[in-house]
Amino acid sequence: MRPDKYIKNYIDGALVPPASGQYLDNVNPATGKVYSWLPDSDAEDVERAVAAAKKAFPEWSRCGVERRFRILSRIADIIEQNLDDFARAESIDNGKPLAMSRSVDIPRAQANFRFFATSILHFASEAHPVEGRAINYTLRQPIGVVGCISPWNLPLYLFTWKIAPALAAGNCVVAKPSELTPMTAYMLAKACIEAGLPKGVLNIVHGLGPKAGQAIVEHPEIKAISFTGGTKTGQAIARTAAPMFKKLSLELGGKNPNIIFADCDFDQMMVDTLRSSFSNNGQICLCGSRIYVERPLYERFRDELVKRAQFLKVGDPFSQVTDLGALVSEAHMEKVLSYISLAEMEGGKILCGGKRLELEGELAGGYFVRPTVIEGLPLECRTNQEEIFGPVVTIQPFDTEEEALQLANGTGYGLAATLWTQDISRAHRMAEQLEFGIVWINCWMERDLRTPFGGMKSSGVGREGGWEALRFFTEPKNVCVKY
Ligand code: NDP
């Protein structure tokens, strides 16, 4: 399955150009060069997609879970069979190492389809009998046409994390991937055609967030929006969708703490902390960007983290020895570098990294930044309060459990926290008090697709994953029968 130079929308079962005929540049972030073009879609494309989805809904919603299971499984098979092509396309679009696309992004996209294809076979609803008098039972019916909007950091992984449960539950979908990483969504459209997905069931509209994305959010026939992206964008979406009483699932930003106690398994903690700091260039909403270390361990930890961060190989996403590829875009790289300058102005000491890495040859225009560790910053400063979403972490010592909790809970975000300790009582005690949707103890990114996934506070509203996703994409209806 080959990527094409000109990406097309997927509407009513066909690959079609945008209504306006206008295209946007698609840049390879490792070279800084335009390598393909994507539709600059607008409200007219969204209108066509919604019309197709509405037309497809009656049949798709009533065709039975067995048929939906078969088609979604076939899509999973096709992604699996084309792993190499999908992985290459993802790495060119996003700048991430090919090894990561091959082992994480694409396998997970395949797993999302397979997981929800089988989940729908087992999905059940409740009954509430009133003894001797009546029975209530709950129907869980698909909502209709729903909108799915996803970001660029884990492009196909997060796109399919929404689309798969929406389709499995019997909805028809109008979806938009990030304009920065459209290629694997385009290839997914081809996979859906090959798998025999009926036309109009899934429609993929490419383009800019404020234009194509906004048109999806404000379309009156789209009854629910599942969005993953930045907190500011989430606020804008809620402003439009909430007064229309749309169902909303918002998975937003994070400023995640890693809390490390001196009694931890040091070697395992170092391996996972390096990963949680710099995997995907820190561009995972679950990456830990504020690291708090119990004082007796602080210096040993700091020296080891800096040593290992300096050892990471930054460069060509297609080299087997690369740990960190390019950041996704020039604008994002500038944002990350501006936060590093801000950290210095706020009194932080850059222990390693802190700069753009200029490579040679083909990669001369690429957006590479060295992994950066900063110390000496207080909780209240902007560097420690705002999401940077790059290969940048701050480290700080603490003395007591209470102080660690205060620091960890001390931002407006509440997505994920990681805790390292061998004291099981302390681990449970703290897990109860951490204000985060996800708490990892002695691990990071240990994912189980059945668990509720999402954040508290400014990190979002609602949960994805397992039954939560199927509940979101269905409308519960209570039926009461008296006898
Ligand atoms: P953005 O919020 O900028 O964009 C996300 C998506 O929304 C893109 O497809 C974007 O399109 C689109 N969009 C932008 N504006 C609008 C609008 N007004 N109406 C509708 N759609 C719009 O996020 P990023 O792509 O920069 O992704 C990074 C962010 O995502 C980080 O904050 C990160 O924490 C968060 N994230 C959260 C996760 C979670 O599960 N909680 C997981 C992964 C990331 P376009 O690209 O064209 O602008």
Quiz item: Got at least one residue in segment 383-394 being touching a residue at least 12 places away in the same chain (Cβ under 8 Å), exposed (fewer than 14 other Cβ atoms within 10 Å of the Cβ) and among the polar types (S, T, N, Q)?
Solution: no
Requested in this report: Kindly indicate whether residue 283 is surrounded by 16 or more Cβ atoms within 10 Å (Cβ to Cβ), within 11 Å of the ligand (Cβ to nearest atom) and polar (S, T, N, Q).
Outcome: yes
Requiring at least 3 residues that are within 9 Å of the ligand (Cβ to nearest atom), the helices (runs of 4 or more DSSP H) wholly within segment 172-262 are 214-218, 231-241
Those residues of segment 69-82 which are open to solvent by less than 40 Å² (accessible area, probe 1.4 Å) and hydrophobic (A, V, I, L, M, F, W, C) amount to 71, 72, 75, 76, 78, 79
Restricting attention to segment 44-68, the residues that are of a type in the set (A, V, I, L, M, F, W, C) and surrounded by fewer than 16 Cβ atoms within 10 Å (Cβ to Cβ) number exactly 1
Result of the Cβ filter at 8 Å on segment 438-455, keeping first residues that are within 15 Å of residue 105 (Cα to Cα) and partners that are within 12 Å of the ligand (Cβ to nearest atom), at least 6 apart or interchain, is 445/284; 445/286; 449/465
The condition of being more than 9 Å from the ligand (Cβ to nearest atom), open to solvent by 10 Å² or more (accessible area, probe 1.4 Å) and either modelled with pLDDT of 95 or more or not assigned by TED's automatic domain parsing to the domain that holds residue 163 (or both) holds, among 314, 293, only for 314
The helices (runs of 4 or more DSSP H) lying entirely within segment 1-111 that contain at least 3 residues which are under 30 Å from residue 368 (Cβ atoms) are 83-94
Taking segment 246-295 and keeping residues closer than 30 Å to residue 219 by Cα and among the polar types (S, T, N, Q) leaves 249
Reported set for segment 420-467 where residues are part of a loop (DSSP other than H, G, I, E, B) and aliphatic (A, V, I, L, M) is 434, 445, 449
Worksheet item: With respect to residue 248, is the statement that it is of a type in the set (A, V, I, L, M), open to solvent by 20 Å² or more (accessible area, probe 1.4 Å) and modelled with pLDDT of 95 or more true?
Response: yes
*Tell me, please, whether a residue that is in a strand (DSSP E or B) and either under 27 Å from residue 437 (Cβ atoms) or touching a Lys or Arg at 6+ places or on another chain (Cβ under 9 Å) (or both) can be found in segment 322-336.*
yes
Query raised in the report: Hey, any hits in segment 97-120 for a residue that's open to solvent by less than 30 Å² (accessible area, probe 1.4 Å) and either touching a strand residue (DSSP E or B) at 6+ places or on another chain (Cβ under 8 Å) or not assigned by TED's automatic domain parsing to the domain that holds residue 247 (or both)?
Result: yes
From the option list 160, 138, single residue qualifying as hydroxyl-bearing (Ser, Thr, Tyr), surrounded by 24 or more Cβ atoms within 10 Å (Cβ to Cβ), assigned by TED's automatic domain parsing to the domain that holds residue 473 and modelled with pLDDT of 95 or more is 160
Checked against (1) open to solvent by 50 Å² or more (accessible area, probe 1.4 Å); (2) under 22 Å from residue 181 (Cβ atoms), residue 406 satisfies every condition except (2)
Restricting attention to segment 270-314, the residues that are under 19 Å from residue 398 (Cβ atoms) and not in a helix (DSSP H, G or I) number exactly 7
All-but-one check, residue 132 against (1) among the small types (Gly, Ala, Ser); (2) closer than 18 Å to residue 204 by Cα; (3) out of contact with any Leu (no Cβ under 6 Å at 6 or more places or on another chain), failing number (2)
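This table checks each residue for (1) surrounded by fewer than 17 Cβ atoms within 10 Å (Cβ to Cβ); (2) over 22 Å from the mean Cα position of the chain (by Cα).
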| residue | (1), (2) |
| --- | --- |
| 428 | yes, yes |
| 432 | yes, yes |
| 444 | no, no |
| 448 | yes, no |
| 452 | yes, no |
| 459 | no, no |
| 474 | no, no |
| 480 | yes, yes |
Scanning segment 372-423 for residues that are over 23 Å from the mean Cα position of the chain (by Cα) and within 16 Å of the ligand (Cβ to nearest atom) gives 382
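The values are calculated or read from the model by the stated rules, or taken from the named source; none is laboratory data. From a predicted model like this one, the values you see are computed outputs, not experimental measurements. Here the Cβ is made from the backbone with ideal geometry for all residues, glycine too, and neighbour counts use every protein chain on show. Each accessible area value is taken on the protein alone, full model and side chains, heavy atoms only, with ligands, DNA and RNA left out. Shrake-Rupley method; radii C 1.70, N 1.55, O 1.52, S 1.80 Å.
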